[in-house]
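The values are calculated or read from the model by the stated rules, or taken from the named source; none is laboratory data. Quick caveat: nothing in here was measured; it's all calculated off a predicted structure. Every residue, glycine as well, gets a Cβ built from its backbone with ideal geometry; the counts of neighbours run over all protein chains shown.
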Amino acid sequence: MHLKAISTANFKNIRETTIDFSERLNCFIGDNGAGKTNMLDAIYYLSFTKSFFNSIDQMNVCHGENWFMIKGLYERHDAAEQIICSFQDGQKKQVKRNTKSYRKMSEHIGLLPLVMVSPGDANLILGGSDERRKFIDGVISQYDAVYLANLLRYNRTLMQRNNLLKQAAQDNRFDDEVIETYDYTLNELGANIYEKRREFIEKLEPVFQRYYTRISNGIEQVELFYQSDLERDSLEKLLRENRVCDRKLQFTTAGVHKDDLMLKLSGYPIKKLGSQGQQKTYLIALKLAQFDFIRQISGIRPILLLDDIFDKLDKKRVEQIIKMVDGEQFGQIFITDTNREHLDSILLSAASGYNIYNVSQGNIEIVS
């Protein structure tokens, strides 16, 4: 699978552009703020029907306009696929596949698998547990539609239960029978979500360790630990035990919405121990493991977006990453950088075709 061409209008600082892409390697060079990352975000939007950086669509419209459009032409399983995402203030966002609109946006997820590596991934290490749950959920949802449906239903039920707890506190009246219906649903859905997440981390960890070892030349040890309330007991029992506390706090204190992924380096949390270079290596290895996992499950090589990934890495680690991304396991790759030397190093070792684009103030031109 690969993206053959993209057309955008009024998306962030890119007012209008149409670009043809190489099946293999596409490099965007330009100063900070020129629009390189915005182009990667447009490609991301076509896969996930939302921005990687800002889920509020109004914030992705070019200044002074009230709409945007992104159109991508793909080749997938030897067949053409056209995806159009459009938004206008005051109207519902539209996503079309080959001119036919989706009934639900979630139906599109997984059609065009994609992995993005960005400086924003630092939130996986430095942010709260919700960032790490988003990472887990985002990967599994790309290949398991049932998991995504269960997750959406769990979150809706959780919101309803929390609203009931708040209303009960206001009315000073609590209905155990009603809360138990929510608990039954949360238990059923939560058990499925927990098992899928546990299985995913169990399979992801050795792949992640292998990538980290290659990038760091084997000088550091890394681990992933999945942490969940459901390790202790069933969610139904935990909800019952915490009901008094939940009533007092007016929200649900136990469940898979509290799960976390523990990221460790040499036995300690990387958030506390890791240098900037080690943290970046950790994140890149995690995302490349995500790529490998999706490729094996779906049978499709995801599109790989590498946004300014070489900053804070020493020369040896950069060289290892360059060697890896030119490997046969990777398909179409998009790279941004302000440093032409990094890109030239990649291109010297590139075994197949590539395109280079110059980006300036939202304008994109192919240079070779």
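Remarks
- Just one of the listed residues (L165, L148) is under 15 Å from Y194 (Cα atoms), assigned to a helix (DSSP H, G or I) and in contact with a Ser or Thr (Cβ under 8 Å, 6 or more places away or on another chain), namely L148.
- Tally of residues being in contact (Cβ under 8 Å) with a residue 12 or more places away in the chain and assigned to a loop (DSSP other than H, G, I, E, B) across segment 118-141: 1
- Set A5, A34: member being closer than 25 Å to N66 by Cβ and among the aliphatic types (A, V, I, L, M): A34
- Considering the conditions (1) surrounded by fewer than 18 Cβ atoms within 10 Å (Cβ to Cβ); (2) in contact with a strand residue (DSSP E or B) (Cβ under 8 Å, 6 or more places away or on another chain); (3) outside any helix (DSSP H, G or I), K271 is excluded by exactly one of them, (3).
- Residues that are among the hydroxyl-bearing types (S, T, Y) and either under 26 Å from K248 (Cα atoms) or exposed (fewer than 14 other Cβ atoms within 10 Å of the Cβ) (or both), drawn from segment 134-176: Y154, T157
- The number of residues in segment 13-47 that are in a loop (DSSP other than H, G, I, E, B) and touching a strand residue (DSSP E or B) at 6+ places or on another chain (Cβ under 8 Å) comes to 8.
- Within the span defined as segment 336-358, one or more residues are within 22 Å of the chain's Cα centre (by Cα), farther than 20 Å from I136 by Cβ and surrounded by 18 or more Cβ atoms within 10 Å (Cβ to Cβ).
Per-residue answers, yes or no, for (1) of a type in the set (S, T, N, Q); (2) in the same structural domain as F21 (by TED's automatic domain parsing); (3) in a helix (DSSP H, G or I):
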position	(1), (2), (3)
I284	no, no, yes
Q290	yes, no, yes
R295	no, no, yes
R317	no, yes, yes
I322	no, yes, yes
Q329	yes, yes, no
E341	no, yes, yes
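- Being within 18 Å of M1 (Cα to Cα) and assigned by TED's automatic domain parsing to the domain that holds Y44 holds for only one residue in I335, I366, and it is I335.
- The sole residue among V222, V178 that is of a type in the set (V, I, T), closer than 24 Å to K134 by Cα and not assigned by TED's automatic domain parsing to the domain that holds K323 is V222.
- Number of the condition not met by P206 [criteria: (1) within 18 Å of E188 (Cα to Cα); (2) loosely packed, with under 14 Cβ neighbours inside 10 Å; (3) within 25 Å of the chain's Cα centre (by Cα)]: (1)
- Leading residue by the ranking (farthest from E180 (Cα to Cα)) among those in segment 212-265 that are polar (S, T, N, Q) and within 22 Å of the chain's Cα centre (by Cα): Q227
The rows are residues; the columns are (1) over 26 Å from D260 (Cβ atoms); (2) assigned to a helix (DSSP H, G or I); (3) at pLDDT below 95; (4) not aliphatic (A, V, I, L, M).
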residue: D183; (1), (2), (3), (4): no, yes, no, yes
residue: L186; (1), (2), (3), (4): no, yes, no, no
residue: A191; (1), (2), (3), (4): no, yes, no, no
residue: K196; (1), (2), (3), (4): no, yes, no, yes
residue: Y226; (1), (2), (3), (4): no, no, no, yes
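- Any hit, segment 59-68, residues being closer than 21 Å to T336 by Cα, surrounded by fewer than 19 Cβ atoms within 10 Å (Cβ to Cβ) and in the same structural domain as V359 (by TED's automatic domain parsing): no
- Test set (1) without any contact (Cβ under 8 Å) to a residue 60 or more places away in the chain; (2) within 30 Å of L224 (Cα to Cα); (3) not in a helix (DSSP H, G or I) - V115 fails condition number: (1)
- Residues located in segment 184-197, provided they are exposed (fewer than 15 other Cβ atoms within 10 Å of the Cβ) and either of a type in the set (S, T, Y) or under 21 Å from K287 (Cα atoms) (or both): Y184
- Scope segment 274-294; condition surrounded by fewer than 23 Cβ atoms within 10 Å (Cβ to Cβ), more than 15 Å from the chain's Cα centre (by Cα) and in contact (Cβ under 8 Å) with a residue 24 or more places away in the chain; matching residues: G274, Q276, G277, Q278, Q279
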